[in-house]
Structure formats: C-alpha cells, structure tokens
Amino acid sequence: MQRLCHQHVCGLLFLLSFSAQGQTAPTPTPTPDTTKAIMERIRENIEVLLPLSSNRAAFTDPAKKSEIMAALKALADSSAVLQVHGQDQNRSFRYFSRSLARDVNEAFSRFQEGKLDQSQYLVAHLSDDCIACHTRLSKSGSNAGEKLFPRIDVSTISLHEKAKLLTALHQTSLALQTFETLLSSSIEDLKKAGIDNVLHEYLVLIIRQQFDLQRAEKTLKAFVKRDGIPIHVQHNVEHWPESISFLKKGPTPTNSIG
Ligand code: HEC
C-alpha cells in the first residue's frame, strides 16, 4: 500500500514538475514566419542543392549523402511552412507554394529510396517552381533567376555544369554563351561532358526556347568544321546546318512524307 501511495505521489510530483517547468521556462520568441524569412531559409538550402544537382557524380557521391539529405529535409520543412503560410495568401501563392512543397517532397522521398537519378532530376528542376512564383508574385520579374540566385558560385564547376545550372535558373543568354564556349573548347573536355548531350541541350535551348535559328546555324557550322569530332557525332551533325537553313526558309513543313 505504501508502495502504491508512493507511486501516486511520484506521479503527481512528476506532473507538477512538468507544469512548473512550463511556467518558468523562458518562452522563446517566435520568429515571425514572414514570406521573406521563409524564403531566406529556402534559399540557403537550394543554394547547396542546385549546384550539386547539375553534376551527377557529385549528387550520387556517398560522401555527399548526408549533406544532401540534410538540405532536402530542411527544404521540405521550409516548403511545408511556406505552404501553410500560403493558406492566407491569394490563389496563385497557394498554387505555387503547393507545387514547390510537392516537388521537394518527391525529390526527398526519391533520395531516401536511393533513386538518386530521379531525385537529381527533380532537384535540378526545383528552380522552375521558384521562378514561376516569382515572375508572377514578386517584383524580381523576368530576371528572377538572376535575382534569386546571386550567391551561387559557378566559378568552381565545369563549363557543362555551369551551362546546365544557368539553363535551370532561366538565365538563358548566359547559358547560351556558356554552351558556345564549351562547343569551341577542347574536344577532350567536350567528350568528358558528352558531346551528344551538350549539343542536344544547346539546341533545345536555342531552337525550342529562343528560336534563334541563325545563331544555331552559325554555331553548328563552326562546330562541324572542327578536327577530332568522333565519327558518329560528325555523321549526326553534318546535316543539321542544312536542316536549319531549311527551317529558316519559311512555313513549318507539314508532316506528310514524300
Ligand atoms: C508561392 C510563391 C513563391 C515560391 C514558390 C517561391 N517564392 Fe521566393 N518569394 C516569394 C515572394 C512573394 C517574395 C517576396 C517576399 C517579401 O519581400 O515580402 C519572395 C522572396 C524571396 C527572396 C528574397 C529576395 C527577394 O526577391 O525579395 C528569396 C531569396 C526567395 N524568395 C527565394 C526563393 C527560392 C530559392 C525559391 C524556390 C526554391 C522561392 N523563392 C520560391 C514567393 C515565392
């Protein structure tokens, strides 16, 4: 019986000590979750993740795993906060904050499941969510990429990674310049980057996005004249300038064959 009582008293003391602590502990001043404060946290993590996402070897490097995991976790937390914060905002804000949170969670889950390639792809495209919302809702406007990511250090990464990162950040004119520098750099560097990839990424950007056929034709003409291009690439590319001049001539050809 004594023992039982003792237990009760203990339990009570335990409870009391808890509530007493609750009363005396200094209440932490809550940092107001303004959009700006959330954004700063988001930016810190995205600045770690984006450069890594433009380099497959870095993104899948086991030595980087805990850093990437921590940044993705923190980004998932901040995006969730942004989404909750978005409940009181207008429809566009709600829409874009929801899609950011969804994409971040997807990238995080894929990473946890070890599907690193998929995670890398998703992370590399997160900047689309930032830019989509910023072009509509913040004053940064059309050069949102430049405004949002001024601190990303592109000086330490390869030309190809830099070109891809700039593409992801919608800094199209810098991205094109970088691709063109890469296409006139040493064949060894180009082979390392994967010539087919480089050409494909460059053409998507310049033709599909910019529709600057003249510039594409000029770059390709200079490129096919280079020595040392692997035969299969040479074979693929040599007719492209011709096809482009055909495109330039006028109305898009119909699909009918011969
Ligand atoms: C749902 C819309 C939305 C999304 C998504 C969004 N932002 Fe923002 N962001 C804003 C708004 C609105 C502001 C302006 C806040 C203010 O000044 O009060 C802002 C401000 C910022 C700022 C402060 C600098 C500035 O331009 O005022 C940074 C940095 C930033 N965002 C980074 C990002 C990054 C990086 C992402 C993507 C990972 C992102 N944002 C996604 C809406 C968004």
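Structure values in brief
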| item | result |
| --- | --- |
| The range 31-139 - Kirkwood radius from inverse mean 1/r over Cα pairs (Å) | 14.0 |
| Residues of type aspartates and glutamates that residue 249 reaches as a straight line, Cα spacing below 20 Å, ignoring anything fewer than 8 places off in the same chain | 212, 217, 238 |
| Dimensions (Å) - the range 74-197, Cα atoms, principal axes, largest first | 54, 37, 22 |
| Ranked by how many other beta carbons lie within 10 Å on average, peptides 221-231, 192-202 from highest | 192-202, 221-231 |
| Cα gyration tensor category, rounded, prolate or oblate, for the range 137-246 with a/c compared to 1.5 | oblate |
| Dipole magnitude (debye, nearest 20) for the range 166-258, charges at Cβ of Lys, Arg, Asp, Glu | 220 |
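Laboratory data are not the source of any read-out in this text; all were calculated from the coordinates shown. Just so it is clear, the structure is predicted and the values come from calculations on it, not from any experiment. With ideal geometry, Cβ positions are generated from the backbone for all residues, glycine too; neighbour counts draw on all protein chains shown.
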